[in-house]
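The values are calculated or read from the model by the stated rules, or taken from the named source; none is laboratory data. Since the model is a prediction, treat every value here as computed from it, not as a measurement. Glycine also receives a Cβ, built like all others from the backbone with ideal geometry; neighbour counts cover every protein chain displayed. Note: accessible area is taken over every heavy atom of the protein model, side chains too, but ligands, DNA and RNA are not part of it. Shrake-Rupley method; radii C 1.70, N 1.55, O 1.52, S 1.80 Å.
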Amino acid sequence: MARWENGPGVLHGVESAVPVEIAASYHARARGLLGRDGIEGALLLTPASGVHTFRMRFAIDVAYLSRDFTVLAVRTMRPGRLGLPRLRSRHVLEAEAGAMARWGLRPGLRLSVEPRR
């Protein structure tokens, strides 16, 4: 997909389809998961190469994705942390801590995101 838009979508490539919220605008990416107590599914930040968890209320799993949605790395971040940017990362997927392990998401896996209209 050449141009992403904010909105709902579905993440494919893991054990079961996962609902995803796409954050493509600067404002949506900057807000991210701030002010929330949790998330059902995941949040896709695009374009993005790094994240932070300052002012967040819960720990998150972070998956760094390449341009073709190959998982480069998966990390768990507690609130108040700064994640270093990944040079080859084009997208970042965020979810509640432990969710990505339940989905079977791991480095090397190729994912896809289908926007819903």
Filtering chymotrypsin sites (Phe, Trp or Tyr not before Pro) in region 1-77 by DSSP loop and by at most 16 other Cβ atoms within 10 Å leaves Phe54, Phe58
Matching label for the computed percent of Cα pairs over 18 Å apart, out of [x] 43; [y] 74; [z] 48, is [x]
Applied in sequence order to region 8-25, the curve 6.51 cos²θ - 1.76 cosθ + 1.60 (Karplus, θ = phi - 60°) yields integer Hz couplings, x standing for Gly and Pro, of x, x, 10, 8, 10, x, 10, 4, 9, 4, 10, x, 9, 9, 8, 10, 9, 7
Length gained, Arg117-Glu40, 0.36 nm per residue minus C-alpha separation, equals 25.9 nm
Using a 1.4 Å probe on heavy atoms of the protein chains only, the accessible area for His52 in Å², nearest 10, reads 80
Sparse-neighbourhood loop hits (GluC sites (Glu not before Pro), region 1-99; DSSP loop; Cβ within 10 Å at most 15 others) -> Glu5, Glu15, Glu40
Percent of all Cα-Cα pairs per 5 Å bin for region 1-58, counting from 0 up to the last occupied bin, reads 4, 18, 26, 26, 18, 7, 1
Expressed in angstrom and rounded, the centroid-to-centroid distance over alpha carbons for region 6-48 and region 65-117 is 10
If each K or R counts +1 and each D or E counts -1, the residues other than Gly9 whose Cβ falls under 9 Å of its Cβ total -1
Lys and Arg at +1, Asp and Glu at -1: neighbours of Ser66 with Cβ under 13 Å from its Cβ sum to +4
Taking every other residue with Cβ under 15 Å from the Cβ of Thr53 and scoring Lys and Arg +1, Asp and Glu -1, one gets +4
Regression test value, accessible area per residue of the chain, probe 1.4 Å, units Å², expected 56
